[in-house]
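See structure below.
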Number of protein chains: 2
Amino acid sequence: MKAVGVIVEYNPFHNGHKYHLDETKRKTNPDCTIAVMSGNFLQRGEPALVSKWARTKMALEAGIDLVIELPYAFATQKAENFANGAISLLSALHCEEVCFGSENGTIDDFTSTVSFMKKNQQAYDHTTRQYLKEGYSYPKSASLAYSSLANHDTYVDLSKPNNILGYHYVKAIHDQKSSLKAETIMRTSAGYHDERFSHESIASATSIRKALFSAERDIKEIQNYLPQSTTKWLSAYFEEYKLFHRWEEYFTLLKYKLLTSSPSELANIYEAEEGIENRLLAFISESTSFQDFMEKIKTKRYTWTRLQRLCVHILTNTTKDQLKKINENPVATYIRLLGMSQKGQRFLNHVKKDVEIPILSKATGFSDDLFTLDQKAAQTYLAIFPEPLRTQLLRQEYAKPPIRFNEEQQIYL
Amino acid sequence: MKAVGVIVEYNPFHNGHKYHLDETKRKTNPDCTIAVMSGNFLQRGEPALVSKWARTKMALEAGIDLVIELPYAFATQKAENFANGAISLLSALHCEEVCFGSENGTIDDFTSTVSFMKKNQQAYDHTTRQYLKEGYSYPKSASLAYSSLANHDTYVDLSKPNNILGYHYVKAIHDQKSSLKAETIMRTSAGYHDERFSHESIASATSIRKALFSAERDIKEIQNYLPQSTTKWLSAYFEEYKLFHRWEEYFTLLKYKLLTSSPSELANIYEAEEGIENRLLAFISESTSFQDFMEKIKTKRYTWTRLQRLCVHILTNTTKDQLKKINENPVATYIRLLGMSQKGQRFLNHVKKDVEIPILSKATGFSDDLFTLDQKAAQTYLAIFPEPLRTQLLRQEYAKPPIRFNEEQQIYL
């Protein structure tokens with residue numbers, strides 16, 4: 001059985017994702033599609049809008065066959081670590097291909113860019129450091145360094161967010177000596193960061209979340225941009241839990257955590273560098289919302305995403321020490337199953353004897369360094385619910401088996 | 001001007017406190033009465049029912065002239081440290097006498113007990129350790145050791161909670177070579193731990209809090225046991241903030257803090273001894289309330305109070321390291337003024353040139369080891385309020401000047 005993988009957040013699953021999924025199938029003709037999906041917290045340093053379980057259902061109904069969780073330690077990191085974790089999971093599952101969306105759209109460009117960069121690593125690092133010294137943020141410095149070295153006609157434009165991710169997927173495959181074959185699809189319409197609707201059926205997840213968080217919280221207004229299954233599960237989630245998860249819901253906890261921590265304790269948190277923790281401490285007392293706090297601490301040097309990610313690590317109490325070993329060898333040590341179709345189940349049965357890391361159906365009883373961080377992330381994500389719901393959801397988080405979906409009859413088993 | 005001090009929690013101020021205050025004045029005939037009052041968290045390991053400001057008003061209207069705060073590092077500790085902090089504050093203020101309530105009622109008994117214990121310290125320590133080894137809690141072991149050494153006809157019965165405190169006040173005066181004179185008043189009626197009403201006008205603070213936390217939350221039902229001023233300020237507090245502070249309000253934060261901490265981080269918390277942190281971690285996930293949690297973790301060895309105090313230190317993130325230096329020399333390094341009558345103001349003007357530690361009217365800008373813990377306690381205490389109220393109250397905590405009360409006209413200035 002040939003499986004093709006996609007690496008996703010589905011926050012939430014929208015028509016752009018559906019287009020990418022359908023194009024992936026058309027281009028690679030797989031027997032099974034696997035989504036490596038972020039869990040409770042996302043790369044941009046935000047809580048996921050709705051639970052991983054609700055997002056798994058959106059994925060299964062849209063045609064994904066197997067949903068596995070990208071561990072916290074990869075999902076909330078910069079593109080390089082994010083890519084390494086995701087690629088290692090697809091490789092471990094004996095997936096044949098990975099297909100990613102990019103602004104570039106030509107896989108050969110990525111391959112040659114990786115080769116070019118391997119050869120020019122020193123010059124690139126040196127130039128990046130120069131730009132950093134001038135006060136640019138890390139992504140900006142890296143992008144400027146790259147521009148000064150590489151010709152955009154020949155190589156991928158790494159100032160574009162999806163090109164950056166794609167570059168790191170191809171590089172991770174190379175570095176991990178994985179047999180995965182990479183493929184790319186050109187992204188159309190909505191840009192990654194677009195906050196406004198500019199296309200009749202495709203909008204960015206950012207603009208969709210923005211609409212959901214508006215005062216009206218009207219799902220109808222955005223349903224043109226969402227598959228019907230997403231609309232259904234978003235509505236069901238809001239009806240059941242009375243909220244969509246966003247930073248503001250966690251601000252009480254973040255402020256409590258910051259105000260009861262010493263500067264030296266905060267300096268131990270992952271991504272707290274160059275005394276930035278002192279800046280956070282200087283402004284948190286007087287901040288009345290997360291938005292207010294972010295606007296106060298934002299500087300030219302630290303991007304919004306970088307600061308949000310730091311806040312996520314503070315919130316989950318993720319220390320430098322805990323990520324040190326994982327970052328030295330950024331590969332997954334287990335496969336956490338979130339959901340599967342009948343086809344996904346058959347694929348799993350087919351490959352599981354050859355999978356060399358544990359496949360977790362339920363997570364009860366399992367324990368390792370990587371998984372400890374997933375647990376803390378889940379405990380933090382659920383901390384905003386009132387009791388006894390919080391305890392029930394926490395119990396489900398570990399005891400719940402993967403969601404099983406019969407894709408022919410479109411029913412859950 | 002002669003001042004007499006009382007050491008109190010006033011949680012809340014009730015008729016028993018009024019009786020003690022009136023008897024203190026009758027017995028010592030002071031020009032000014034000073035209350036050293038615990039702030040946000042109390043010796044039994046609980047948040048104060050209402051803010052220090054509301055409790056200060058209750059004290060001023062009941063006849064106290066000067067209210068100063070007992071710092072967190074003393075207020076939430078065992079009798080010995082609690083007493084040392086409080087006595088050091090009264091001494092620093094050049095107060096002449098301290099008058100405490102006790103089950104014994106005769107000051108000479110306390111003096112001779114302290115002398116006796118000084119002579120028999122070794123035997124007492126040895127016997128206490130023996131009982132500890134048999135699995136008794138520390139207070140029980142200490143009390144049993146003392147019983148086996150001392151004759152209750154001659155010496156104070158240290159199985160009684162107020163006698164224990166009184167003993168430590170007298171001992172602290174001795175150890176600190178303070179010129180404070182100690183006096184005691186026999187406690188009548190309601191026992192310290194009584195949960196039920198057994199006297200027509202005097203009830204324990206425990207039974208009063210219990211009534212306030214009952215489903216009805218009817219202040220009328222308990223007003224026989226409270227001065228009118230207490231009833232007024234309790235009602236006003238509830239009306240303004242819609243709550244009385246109790247552990248259940250902080251359970252969300254405690255659970256979040258425990259679930260995002262590693263065992264080794266928890267082992268650094270003050271009073272986390274003998275691996276008790278592992279017991280807490282084993283039960284917190286499945287606990288749906290503070291009461292539920294406490295019932296799960298309680299053992300014969302660890303008293304309810306001991307466990308609650310540990311939970312307070314976990315909640316405020318107070319580490320062994322932070323208390324080490326303070327416990328080596330348990331004396332106050334500042335005097336935080338919470339409120340004063342005209343008489344209290346005159347006393348303060350009279351003594352202030354001879355006071356050798358800073359007197360803080362506002363706390364903005366001041367900083368030392370002891371005060372850092374008070375700040376964390378305040379930040380934690382206020383963390384349960386919604387924004388922007390939380391930020392406003394936090395700002396007031398530091399910027400607010402002491403409450404000034406004109407006792408003749410019974411008006412605030």
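Would you pick out the residues in segment B:237-269 that are touching a residue at least 60 places away in the same chain (Cβ under 8 Å), part of a helix (DSSP H, G or I) and either aromatic (Phe, Trp, Tyr) or within 19 Å of B:His17 (Cβ to Cβ) (or both)?
Result: B:Tyr237, B:Tyr241, B:Trp247, B:Tyr250.
Name the single residue, out of those in segment A:291-310 being of a type in the set (Phe, Trp, Tyr) and surrounded by fewer than 20 Cβ atoms within 10 Å (Cβ to Cβ), that is modelled with the lowest pLDDT.
Step one: list which residues in segment A:291-310 are of a type in the set (Phe, Trp, Tyr), which gives A:293, A:302, A:304.
Now drop any that are not surrounded by fewer than 20 Cβ atoms within 10 Å (Cβ to Cβ), which leaves A:302, A:304.
Values: A:Tyr302: 86, A:Trp304: 91.
If we take residues in segment A:291-310 being of a type in the set (Phe, Trp, Tyr) and surrounded by fewer than 20 Cβ atoms within 10 Å (Cβ to Cβ), then A:Tyr302 is modelled with the lowest pLDDT.
Quick one: which residue in A:Phe347, A:Phe405, A:Phe366 is hydrophobic (A, V, I, L, M, F, W, C), under 22 Å from A:Ser38 (Cβ atoms) and free of Cβ contacts under 8 Å to residues at least 40 places away in the same chain? Before the answer, list the steps.
Values: A:Phe347 fails: free of Cβ contacts under 8 Å to residues at least 40 places away in the same chain; A:Phe405 fails: free of Cβ contacts under 8 Å to residues at least 40 places away in the same chain.
Of the residues listed, the single one that is hydrophobic (A, V, I, L, M, F, W, C), under 22 Å from A:Ser38 (Cβ atoms) and free of Cβ contacts under 8 Å to residues at least 40 places away in the same chain is A:Phe366.
Residues in segment A:322-343: is at least one under 30 Å from A:His174 (Cβ atoms), within 14 Å of chain B (Cβ to nearest Cβ) and in contact (Cβ under 8 Å) with a residue 40 or more places away in the chain?
Yes, that holds for at least one residue.
Residue by residue, here is whether (1) within 13 Å of another protein chain (Cβ to nearest Cβ); (2) modelled with pLDDT of 95 or more; (3) over 23 Å from the mean Cα position of the chain (by Cα) holds:
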site	(1), (2), (3)
B:Phe371	no, yes, no
B:Asp374	yes, yes, no
B:Arg395	yes, no, yes
B:Lys400	no, no, no
B:Asn406	no, yes, yes
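Scanning for something closer than 20 Å to A:Asn11 by Cα, at pLDDT 95 or above and basic (Lys, Arg), does segment A:247-266 turn up at least one residue?
Within segment A:247-266 (the criterion being closer than 20 Å to A:Asn11 by Cα, at pLDDT 95 or above and basic (Lys, Arg)), the answer is no, since none of the residues qualifies.
Just give me the residues in segment B:375-407 being basic (Lys, Arg) and touching a strand residue (DSSP E or B) at 6+ places or on another chain (Cβ under 8 Å), in sequence order. Walk me through it before giving the result.
Initially, segment B:375-407 is screened for residues basic (Lys, Arg), giving B:376, B:390, B:395, B:400, B:404.
Matches in segment B:375-407: B:Arg404 only.
Would you mind stating whether B:Ala62 is within 27 Å of B:His350 (Cα to Cα), surrounded by fewer than 24 Cβ atoms within 10 Å (Cβ to Cβ) and small (Gly, Ala, Ser)? Steps first, please.
Details: within 27 Å of B:His350 (Cα to Cα): yes; surrounded by fewer than 24 Cβ atoms within 10 Å (Cβ to Cβ): yes; small (Gly, Ala, Ser): yes.
Here the answer is yes, as B:Ala62 does meet what is asked.
Given the conditions (1) closer than 26 Å to B:Ala378 by Cβ; (2) buried (at least 20 other Cβ atoms within 10 Å of the Cβ), and given that B:Tyr225 satisfies all but one, which numbered condition is not satisfied?
Among (1) closer than 26 Å to B:Ala378 by Cβ; (2) buried (at least 20 other Cβ atoms within 10 Å of the Cβ), the lone unmet condition for B:Tyr225 is (1).
Would you point out which residue out of B:Ala383, B:Ala363 is in a loop (DSSP other than H, G, I, E, B), within 14 Å of another protein chain (Cβ to nearest Cβ) and under 22 Å from B:Leu42 (Cα atoms)?
On the way: B:Ala383 fails: in a loop (DSSP other than H, G, I, E, B).
Exactly one of B:Ala383, B:Ala363 is in a loop (DSSP other than H, G, I, E, B), within 14 Å of another protein chain (Cβ to nearest Cβ) and under 22 Å from B:Leu42 (Cα atoms), namely B:Ala363.
Out of curiosity, is B:Asp354 more than 10 Å from chain A (Cβ to nearest Cβ) and touching a helix residue (DSSP H, G or I) at 6+ places or on another chain (Cβ under 6 Å)?
Values: more than 10 Å from chain A (Cβ to nearest Cβ): yes; touching a helix residue (DSSP H, G or I) at 6+ places or on another chain (Cβ under 6 Å): no.
Spelling it out, it is not the case that B:Asp354 is more than 10 Å from chain A (Cβ to nearest Cβ) and touching a helix residue (DSSP H, G or I) at 6+ places or on another chain (Cβ under 6 Å).
What are the residues in segment B:97-142 that are within 30 Å of B:Asn29 (Cα to Cα) and free of Cβ contacts under 8 Å to residues at least 40 places away in the same chain, if any?
Applying the first criterion (within 30 Å of B:Asn29 (Cα to Cα)) to segment B:97-142 yields B:97-115.
Residues satisfying the conditions are B:Asp108, B:Ser115.
Within segment A:63-84, is even one residue within 28 Å of A:Thr333 (Cα to Cα) and in contact with a Pro (Cβ under 6 Å, 6 or more places away or on another chain)?
Step one: filter segment A:63-84 for residues within 28 Å of A:Thr333 (Cα to Cα), giving A:63-84.
Then keep just the ones that are in contact with a Pro (Cβ under 6 Å, 6 or more places away or on another chain); that gives A:81, A:84.
Checking segment A:63-84: at least one residue is within 28 Å of A:Thr333 (Cα to Cα) and in contact with a Pro (Cβ under 6 Å, 6 or more places away or on another chain).
Just to verify a result, which residue in segment A:267-286, among those that are surrounded by 16 or more Cβ atoms within 10 Å (Cβ to Cβ) and within 11 Å of chain B (Cβ to nearest Cβ), is farthest from A:Thr305 (Cα to Cα)?
Looking at the filtered set, the residue picked out is A:Ser285.
Applying the selection to segment A:79-113, what residues are touching a strand residue (DSSP E or B) at 6+ places or on another chain (Cβ under 7 Å) and among the small types (Gly, Ala, Ser)?
Within segment A:79-113, A:Gly85, A:Ala86, A:Ala92, A:Gly101, A:Ser102, A:Gly105 qualify.
Select, from B:Lys353, B:Lys362, the only residue that is of a type in the set (D, E, K, R), outside the structural domain of B:Ile314 (by TED's automatic domain parsing) and touching a Lys or Arg at 6+ places or on another chain (Cβ under 8 Å). Walk me through it before giving the result.
Values: B:Lys353 fails: touching a Lys or Arg at 6+ places or on another chain (Cβ under 8 Å).
Selected residue: B:Lys362, the only one of B:Lys353, B:Lys362 that is of a type in the set (D, E, K, R), outside the structural domain of B:Ile314 (by TED's automatic domain parsing) and touching a Lys or Arg at 6+ places or on another chain (Cβ under 8 Å).
Look at segment B:233-265 and say how many of its residues are within 13 Å of chain A (Cβ to nearest Cβ) and touching a Leu at 6+ places or on another chain (Cβ under 7 Å).
8
Exactly one condition in (1) assigned to a helix (DSSP H, G or I); (2) over 20 Å from the mean Cα position of the chain (by Cα) is not met by B:Ile357; state its number.
Single failed check for B:Ile357: (1).
The values are calculated or read from the model by the stated rules, or taken from the named source; none is laboratory data. Note that the structure is predicted; figures quoted are calculated from it, not measured. Note that each Cβ is placed from the backbone with ideal geometry, even for glycine, and that neighbours are counted across all protein chains shown.
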